[in-house]
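These notes concern the structure reproduced below.
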Amino acid sequence: MLIHRNKGRWIFTDMKTVFGKHKVLILIVAAVGAGCVVNVGDDDEQLSMTRADSLGDTVSVFPSIQVAFSVPLAVDTVMLSFSPPVQTSYAAYLNESKDTLAIRVTGMLRGDTRYCVKLAHPIKAENGSELYPEADSIVFVTGAGEKEPNNSKATANVLSENVYGMIELATDTDYYAVPDLQARQFCLQSLDSKCGFALLDSGGNICEAIQSRSPWDTLVAGDSLYPPFHVLVFALPLSSHERYRLGSIPVP
């Protein structure tokens, strides 16, 4: 029983009558509500891609970049285009759910360079949306990298606070010149644990050297070592394509 007031009079109405009059309206509202729930999802989401790693804007010259797609892909492989073009090889792998692409540079990119990465071809998502090469891109900047040739004292790079490099062959060596007294401590991060380094005086004689497979090593220039002197990075026996980061710590 429903009770309401109309023009000063109380009206008693049976509930069956009320619902009978509005039965069609109630069914329409329910159907519309149900339709709204069904249509909410990824079917209308446009495919896009963004950086998904935590490396920041500046990365090493041999980075591993993660790219996230807004919708799972309907393809098994993704081809990429680098600008400027890369002079080394890279690998790109989709994860099992096809919504994340791992890009691993297997060689060495140019240092201090801004790279823009786009799709080489259009790709399609599971929901039917497409992404075209000019529609989206990712950008990163590489840190300082060695400049070849630097395999002798005459062609040595001047050592900055941090520089990335690679020993291509077991017989390869990289020379870095230390021009002033501000740098007295040097750190080598051997990313493949197969590099060593040494301090050479102005005559090319080895003053200090470390040959270990530790991922981090430190050398300190003694009081008798004055500029100009050099830091030499070399591969351990039977090693090649060894990646490293060399840094200097200024005197406080």
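The values are calculated or read from the model by the stated rules, or taken from the named source; none is laboratory data. From a predicted model like this one, the values you see are computed outputs, not experimental measurements. Neighbour counts are summed over all protein chains in view; Cβ atoms, including those assigned to glycine, are modelled from backbone coordinates with ideal geometry.
Here region 71-87 is the region considered, the condition is being farther than 30 Å from Asp43 by Cβ and surrounded by 14 or more Cβ atoms within 10 Å (Cβ to Cβ), and the residue that is farthest from the chain's Cα centre (by Cα) is Val86. Does region 170-189 contain any residue that is assigned by TED's automatic domain parsing to the domain that holds Thr58, under 23 Å from Pro250 (Cα atoms) and in contact with a strand residue (DSSP E or B) (Cβ under 8 Å, 6 or more places away or on another chain)? No: region 170-189 contains no residue that is assigned by TED's automatic domain parsing to the domain that holds Thr58, under 23 Å from Pro250 (Cα atoms) and in contact with a strand residue (DSSP E or B) (Cβ under 8 Å, 6 or more places away or on another chain).
Being in the same structural domain as Asp180 (by TED's automatic domain parsing) and touching a His at 6+ places or on another chain (Cβ under 8 Å) is a description that applies to Met166. Of the set (1) surrounded by 14 or more Cβ atoms within 10 Å (Cβ to Cβ); (2) at pLDDT 90 or above; (3) not in a strand (DSSP E or B), all apply to Gly204 but (1). Annotation note: Cβ proximity below 7 Å between a residue of region 78-106 that is farther than 14 Å from Ser137 by Cα and a residue that is in a loop (DSSP other than H, G, I, E, B) and of a type in the set (Gly, Ala, Ser) (sequence gap 6+ or interchain) occurs for Thr88/Gly107; Ser89/Gly107; Thr100/Ala52; Thr106/Ser89. Annotation: of all residues in region 139-158 being of a type in the set (A, V, I, L, M, F, W, C) and closer than 16 Å to Ser60 by Cα, the one that is nearest to the chain's Cα centre (by Cα) is Phe140. The single condition among (1) under 25 Å from Gln189 (Cβ atoms); (2) at pLDDT below 95; (3) among the acidic types (Asp, Glu) that Asp43 does not satisfy is (1).
Total residues in region 53-77 satisfying the condition of being in a loop (DSSP other than H, G, I, E, B), farther than 14 Å from Arg104 by Cα and in contact (Cβ under 8 Å) with a residue 12 or more places away in the chain: the figure is 8.
One residue stands out in region 89-109 among those that are outside any strand (DSSP E or B) and within 17 Å of the chain's Cα centre (by Cα): the one that is nearest to Asp44 (Cα to Cα), namely Asp99.
Restricted to strands (runs of 3 or more DSSP E) entirely inside region 111-190, those with at least 3 residues that are hydroxyl-bearing (Ser, Thr, Tyr) and surrounded by 14 or more Cβ atoms within 10 Å (Cβ to Cβ) are 173-178.
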